[in-house]
Amino acid sequence: MDKAYMCTTSLLRIDLKALHEGENTAVYELDDAYFKAIAAPDIQKGTLALRFKAKRIGDLYELDFHVEGVVYVACDICLEEMGLPIRNDGKLTARLGDENVEDGDMVIVDKEDGVLDVSWYVYELIALAIPIKHVHEPGQCDPAMVAKLQQLSADGERPGEAESIDPRWAKLQQLRTED
């Protein structure tokens, strides 16, 4: 069984040279402190488990990541905080070299330092698992906000306001309704 670590960004700085030949594993618990430490732009809260596996073959490292848990974001409709379950996997290949270089999924780490910081990579893995549309289940949105939204929506007329059409487009409006 893997030991679970409360995650700090320093724990996500992997000393590649310290990994033993073969498979290395660890489990990290990511929470609000992780998102605050990396100054995450879109996610500030969450509770996730990160399972990390590194396979070392000489100076080549195959890194596998599996993240699963819940992140908290604002609902697109009512703006109330909501939990979104997420799950994602990622792979990264690293090797030691003369300088730090990133090329897609291959990272070259300076052999003098030998440390690879994956904290931002893990954040991107989490962010990419979040659906584009964040909405509560039907009936779960804040009713006051939904009512206000319907009152001010472009589809509904506001009381006391007559619909005004730009005079330049009035002629086109007549063409559309002459059927």
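The values are calculated or read from the model by the stated rules, or taken from the named source; none is laboratory data. Please read all numbers here as calculations on a predicted model, not as lab measurements. Positions of Cβ are backbone-derived with ideal geometry, glycine not excepted, and every protein chain shown enters the neighbour counts.
Descriptive notes on the structure:
Conditions tested, residue by residue: (1) modelled with pLDDT of 90 or more; (2) acidic (Asp, Glu); (3) under 18 Å from Ala18 (Cα atoms).
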{"position": "Pro41", "(1), (2), (3)": "no, no, no"}
{"position": "His66", "(1), (2), (3)": "yes, no, no"}
{"position": "Glu80", "(1), (2), (3)": "yes, yes, no"}
{"position": "Leu84", "(1), (2), (3)": "yes, no, no"}
{"position": "Ala94", "(1), (2), (3)": "yes, no, yes"}
{"position": "Met106", "(1), (2), (3)": "no, no, no"}
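- Just one of the listed residues (Lys111, Lys53) is outside the structural domain of Ala147 (by TED's automatic domain parsing), farther than 17 Å from Ala26 by Cβ and surrounded by 13 or more Cβ atoms within 10 Å (Cβ to Cβ), and it is Lys111.
- Residues satisfying the stated conditions in the stretch 112-124, i.e. over 13 Å from Phe65 (Cβ atoms) and touching a residue at least 60 places away in the same chain (Cβ under 8 Å): Gly114, Val115, Asp117
- For Arg95, the requirement of being surrounded by fewer than 13 Cβ atoms within 10 Å (Cβ to Cβ) and not small (Gly, Ala, Ser) is not met.
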